[in-house]
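Below is a structure I'd like to ask you about.
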Amino acid sequence: MQKSEENFNNFKDFPKNYDYQAVEKKIAQYWEDNDTYSFDFFDTEKEIFSADTPPPYVSSAHLHVGHVMSYSQAEFIVRYKRMKGFNVFYPMGFDDNGLPTERYVEKKYKINKSKITREEFIDLCLKETKIGIETYKALWKSAGISVDYRLSYSTIDERCRKTSQKSFIDLYHKKLMERRNEPILWCPQCRTSLAQADIIIEELNGILYDIEFKSSSGQGLIISTTRPELLGACVAIYANPLDDRYRFLNGQSVKTPLYNKDVPVKYDETVDINYGTGLMMVCTWGDAEDVRKWKEHKLDTAIIIDKAGRLNEAAGAYSGLTARDAKRAIVDDLKKLSFIKGEKPLLHNVGVHDRCETPVEFIRELQWFIKILDNKDKFLEAASEIKWYPDFMKPRYDEWVNNLKWDWNISRQRFYGVPFPVWYCANCGEVILAKEDELPVDPAVAHPNIIKCPKCGGEKFDPETDVMDTWMTSSMTPLINALWAYDSRTADKKKLLDRIYPMSLRPQAQEIIRTWLFYTVVKSIYHTGNIPFKNVMISGWGLDKNGKKMSKSLGNFVGPEEIINKYSADALRYWASKANLGQDLRFNEEDAVNGRRLLIKLWNAARFLITNVNEGFNPYEKDISELELGEVDKWVITEFENTLKICGNYMESYEYSSSLKAMVDFFYNVYCDNYLEIIKNVFWDEEEENFDRKDKALNVMYFVSFNMIKIFAPFFPFITEELYLSFYKNFETAGSIHLSNWPDYRKELNFESSIKIAKILLNIIEASRKLRTSLNLHQNHKIDKLLVKTLNNDYISILNSVNSDIKSAARAKRMIFSDEADFKTADDNLFIKIEK
């Protein structure tokens, strides 16, 4: 430890007020100039803590305080690990390819993609990506997020494209990748195929129509459906084989209304006897059940909805209408012909695209699929090897995996994304893969590294024009960070792959358990046979004050810049700490106000110590355990050590909110309200008996406050760094509070007997305050005598041992034992009286 004698600063001029706006800009620059948060590639001694930071979608207009909340919560743990001595690998990624970026660009520039070239559109996406990245960086820096920007990546950069394409090739060779022509989920609004994870189920209002069909024997049959617009796609009528009502239909056909098409009657035990009339119309394709029955029973195909969500030529008079308009027209015609025998409103589950909330359709298209259904057990087993924080989030993952119905479709019909490293022989359709040393490659502008097709000898090749699902890249983030795609002889890969993988931590939001988390597990198991990370922490949502999701369109959007400018970044982080993992958190500005109050209190408490330090002060001349401490000093140190132990245990289990609350309670209720109140008068009274007491109090204040701001540091990085650099660093060696060591719990500093003694003392002080108030006597007015009476003789020696502290805190010249004391304290054995 360095001492202050050689270069003493005059701490008497320490600022009275905390100027957070100036400080936060200055400190952010200090961190950047000094590479405070840089990962040390060459340190082979320290254990590595690696965080698989969520790469946010780069659309610079949607950031709100909820984003800062989720990133701050993860960062509390990262900062803690750094102070625990880990070599922290903390990158920042930017998810800037695929549908979210395309939709943002389309909306911002009001683009009709049919009137712009692919190259022009991609240029706009890249332009907005750069703007978005800078917007994010500015926000994360202003919020104190301690990432190492040297480790940054974007999901459209060369490293990510190379990694995604190598993943594709590896899965293809392992026969885990297939190209199939089968029904796929499709968004008519975004004009792209989707995976099951891209769909959310919403409960929507609808109408259940009872429509009359005719059996081949001429009998009327009532079939209930919510989608009469699909009558032209009907390929079979199903009943349950256990339903006695419809056994007579065996061997018959049924004629559809309006289209007069004969379709067969089939039986399947999955048909719900109690839904509608018990008869089911199977179309190609209205839902997952239609697809399953079509596949299993090899039904005919009658497709009437196109990629734009409109009915095609096969729909006859309804051709060109949207599915919604076609429903109206068909219902009207059915009613005119008396085919509708009843209708009733109902709430039913509808699959919608999670990006645009458009109801999805099924179409048939050649697409690339990753096989996942055959390996559910592996993915469930992998999840059990990961530690979940909070643990109640794991069942959500398990439920998702158990309920999977489809393999993962990774083809997307978009412009902006990672290309497939694939060409097809124009003659026979043979798949031609790029070689790994060619990656990344864009087959739209490059030619395959062969002259003839190995299957048929053809010399013309067509590029794959689809791009990969953005999750195909995002699912690789642990391996992107570890440089998995690069040659094993590459020095950097040797340094990273074995050192940071599996990564220590995956922080993420709960709504992408089914996507980012699950897909990352899939890829890691398939590529490496190992889990991608050891721990996962799941955050809740940041909501508005009424508990609703924030949105600009709803008018409840709260921008983080506004709160940072008004209250400080540390105050916003205080709000973010209010919820434990997995809990949603409503934004209440009063929380930021309370955070600001805490910062001011912390500044003032530190200032009291700093401005009372004189030249020659050396907090390390003796270890705190070697000082002749008074009982009050022992008490505050004991309370601190107990709180430190609690805080450390909470942080180890990722319960950062409980950790901060414990230290805030100590800071307010023990350190400020009592300890400082007890000893402050020692510094104001120039009495000889106080000289030695001052030195001890300074050492105790330094020990407690310095270790206390270390515990506050992960939560309030700016103010703790400013206090450290302005004062504590004069006596310490670390270049930053965030590079100093988290305090170790010291059992030898736990003076249990001091707690009982302090309780007696505090009862007297509290009673003295109340008595002064009842006597209209100012708290700082110095009284002549404090009379004390005790009914417990054991208290006498205790009171004598803390005589000077009682006099100091009670602002009394003398403390005298007297039976005249008649004002009862909280302790039935203690009474006091004030004589002015």
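The values are calculated or read from the model by the stated rules, or taken from the named source; none is laboratory data. Treat the numbers as computed from the prediction; the structure is a model and nothing was measured. Don't worry about glycine lacking a Cβ; one is built from the backbone with ideal geometry, like all the others, and counts go over all protein chains shown. Each accessible area value is taken on the protein alone, full model and side chains, heavy atoms only, with ligands, DNA and RNA left out. Shrake-Rupley method; radii C 1.70, N 1.55, O 1.52, S 1.80 Å.
Give me a count of the residues in the range 309-331 that are in contact with an Asp or Glu (Cβ under 7 Å, 6 or more places away or on another chain), more than 13 Å from LEU230 (Cβ to Cβ) and either in a helix (DSSP H, G or I) or not hydroxyl-bearing (Ser, Thr, Tyr) (or both).
0
Listed here are the residues, each with its yes/no results for (1) touching a Lys or Arg at 6+ places or on another chain (Cβ under 9 Å); (2) open to solvent by less than 20 Å² (accessible area, probe 1.4 Å).
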| position | (1), (2) |
| --- | --- |
| ASP695 | no, no |
| MET708 | no, yes |
| ASN730 | yes, no |
| TRP742 | yes, yes |
| ALA767 | yes, yes |
| HIS781 | yes, no |
| TYR795 | no, no |
| ILE798 | yes, no |
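Another question about this same structure. I want to confirm something. Restricting to the range 355-369 and keeping residues that are buried (at least 17 other Cβ atoms within 10 Å of the Cβ) and in a loop (DSSP other than H, G, I, E, B), which single residue is modelled with the lowest pLDDT?
So the residue we want is ARG355.
Of the residues in the range 634-656, how many are open to solvent by 20 Å² or more (accessible area, probe 1.4 Å), more than 11 Å from GLU752 (Cα to Cα) and in a helix (DSSP H, G or I)?
Qualifying residue count, the range 634-656: 5.
What residue, of ASP391, ASP398, is open to solvent by less than 50 Å² (accessible area, probe 1.4 Å), among the charged types (D, E, K, R) and under 26 Å from ASP52 (Cβ atoms)?
Just a single option satisfies the conditions, and that option is ASP398.
While we're on this one: If you go through the range 162-176 one residue at a time, do you hit one that is charged (D, E, K, R) and touching an Asp or Glu at 6+ places or on another chain (Cβ under 8 Å)?
Yes; the residues of the range 162-176 include at least one that is charged (D, E, K, R) and touching an Asp or Glu at 6+ places or on another chain (Cβ under 8 Å).
Going by the structure shown, is TRP406 modelled with pLDDT of 95 or more and either open to solvent by less than 50 Å² (accessible area, probe 1.4 Å) or farther than 30 Å from GLU289 by Cβ (or both)?
no
The rows are residues; the columns are (1) open to solvent by less than 10 Å² (accessible area, probe 1.4 Å); (2) part of a loop (DSSP other than H, G, I, E, B); (3) not β-branched (Val, Ile, Thr).
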position: SER38; (1), (2), (3): no, yes, yes
position: PHE41; (1), (2), (3): no, yes, yes
position: LYS46; (1), (2), (3): no, yes, yes
position: PRO54; (1), (2), (3): no, yes, yes
position: HIS67; (1), (2), (3): no, no, yes
position: SER72; (1), (2), (3): yes, no, yes
position: PHE76; (1), (2), (3): yes, no, yes
position: ARG79; (1), (2), (3): yes, no, yes
position: ARG82; (1), (2), (3): no, no, yes
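On the phi > 0 side of the Ramachandran plot and surrounded by 15 or more Cβ atoms within 10 Å (Cβ to Cβ): which single residue out of LEU231, LEU221, LEU258 fits that description?
Just a single option satisfies the conditions, and that option is LEU258.
Counting only residues that are over 26 Å from VAL422 (Cβ atoms) and either out of contact with any Gly (no Cβ under 8 Å at 6 or more places or on another chain) or open to solvent by less than 10 Å² (accessible area, probe 1.4 Å) (or both), give me the strands (runs of 3 or more DSSP E) lying completely in the range 455-558 with at least 2 of them.
The strands (runs of 3 or more DSSP E) meeting that bar are 503-509, 533-539.
Going by the conditions given, is ASN594 touching a Leu at 6+ places or on another chain (Cβ under 6 Å), more than 30 Å from LEU439 (Cβ to Cβ) and open to solvent by less than 60 Å² (accessible area, probe 1.4 Å)?
No: the conditions fail for ASN594.
Moving on. Consider only pairs whose beta carbons are under 8 Å apart and that are at least six residues apart or on different chains; among these, list those whose first residue lies in the range 154-172 and is at pLDDT below 95 and whose second residue is part of a helix (DSSP H, G or I) and surrounded by fewer than 21 Cβ atoms within 10 Å (Cβ to Cβ).
SER154/ILE133; ILE156/LEU126
Considering the range 115-153 alone, what residues qualify as being over 21 Å from the mean Cα position of the chain (by Cα) and free of Cβ contacts under 8 Å to residues at least 40 places away in the same chain?
LYS115, ILE116, THR117, GLU119, GLU120, ASP123, LEU124, LEU126, LYS127, LYS130
Exactly one of (1) in a loop (DSSP other than H, G, I, E, B); (2) open to solvent by 80 Å² or more (accessible area, probe 1.4 Å); (3) in contact (Cβ under 8 Å) with a residue 12 or more places away in the chain is unmet by ARG245. Its number?
ARG245 satisfies all of (1) in a loop (DSSP other than H, G, I, E, B); (2) open to solvent by 80 Å² or more (accessible area, probe 1.4 Å); (3) in contact (Cβ under 8 Å) with a residue 12 or more places away in the chain except (1).
Among the candidates GLU615, GLU628, single out the residue that is within 19 Å of PHE727 (Cβ to Cβ), charged (D, E, K, R), open to solvent by 40 Å² or more (accessible area, probe 1.4 Å) and not in a helix (DSSP H, G or I).
Among GLU615, GLU628, only GLU615 is within 19 Å of PHE727 (Cβ to Cβ), charged (D, E, K, R), open to solvent by 40 Å² or more (accessible area, probe 1.4 Å) and not in a helix (DSSP H, G or I).
Please go through the range 180-212 and give me each residue that is among the acidic types (Asp, Glu) and either free of Cβ contacts under 8 Å to residues at least 24 places away in the same chain or part of a strand (DSSP E or B) (or both), ordered by number.
Of everything in the range 180-212, those that are among the acidic types (Asp, Glu) and either free of Cβ contacts under 8 Å to residues at least 24 places away in the same chain or part of a strand (DSSP E or B) (or both) turn out to be GLU182, GLU202, GLU203, ASP210, GLU212.
Per-residue answers, yes or no, for (1) under 25 Å from TRP388 (Cα atoms); (2) free of Cβ contacts under 8 Å to residues at least 12 places away in the same chain; (3) in contact with a strand residue (DSSP E or B) (Cβ under 8 Å, 6 or more places away or on another chain):
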site: LEU497; (1), (2), (3): yes, no, no
site: SER504; (1), (2), (3): yes, no, yes
site: GLN510; (1), (2), (3): yes, no, yes
site: PHE518; (1), (2), (3): yes, no, no
site: PRO532; (1), (2), (3): yes, no, yes
site: ILE538; (1), (2), (3): yes, no, yes
site: LYS566; (1), (2), (3): no, no, no
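If you go through the range 155-179, how many residues are outside any helix (DSSP H, G or I), crowded, with 18+ Cβ neighbours inside 10 Å and over 25 Å from the mean Cα position of the chain (by Cα)?
Total satisfying the criteria: 2.
Return the only residue of PRO440, PRO448 being closer than 30 Å to PHE39 by Cα, in a loop (DSSP other than H, G, I, E, B), in contact (Cβ under 8 Å) with a residue 12 or more places away in the chain and not hydroxyl-bearing (Ser, Thr, Tyr).
PRO440
Matching residues to (1) of a type in the set (Phe, Trp, Tyr); (2) touching a Pro at 6+ places or on another chain (Cβ under 6 Å); (3) closer than 30 Å to PRO478 by Cα:
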residue: ILE538; (1), (2), (3): no, no, yes
residue: ASN546; (1), (2), (3): no, no, no
residue: LEU554; (1), (2), (3): no, no, no
residue: ALA576; (1), (2), (3): no, no, yes
residue: LEU598; (1), (2), (3): no, no, no
residue: TRP603; (1), (2), (3): yes, no, no
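Scan the range 270-285 for residues that are open to solvent by 20 Å² or more (accessible area, probe 1.4 Å) and part of a loop (DSSP other than H, G, I, E, B) and report the count.
Here the count works out to 7.
Just to check your reading of the model, which residue among ASP828, ASP805 is of a type in the set (Asp, Glu), open to solvent by 50 Å² or more (accessible area, probe 1.4 Å) and not in a strand (DSSP E or B)?
Only one candidate passes the filter, namely ASP828.
Residues checked against (1) touching a residue at least 24 places away in the same chain (Cβ under 8 Å); (2) closer than 19 Å to ALA606 by Cβ; (3) among the basic types (Lys, Arg):
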position	(1), (2), (3)
GLY630	yes, no, no
SER658	yes, no, no
LYS661	no, no, yes
ILE678	yes, yes, no
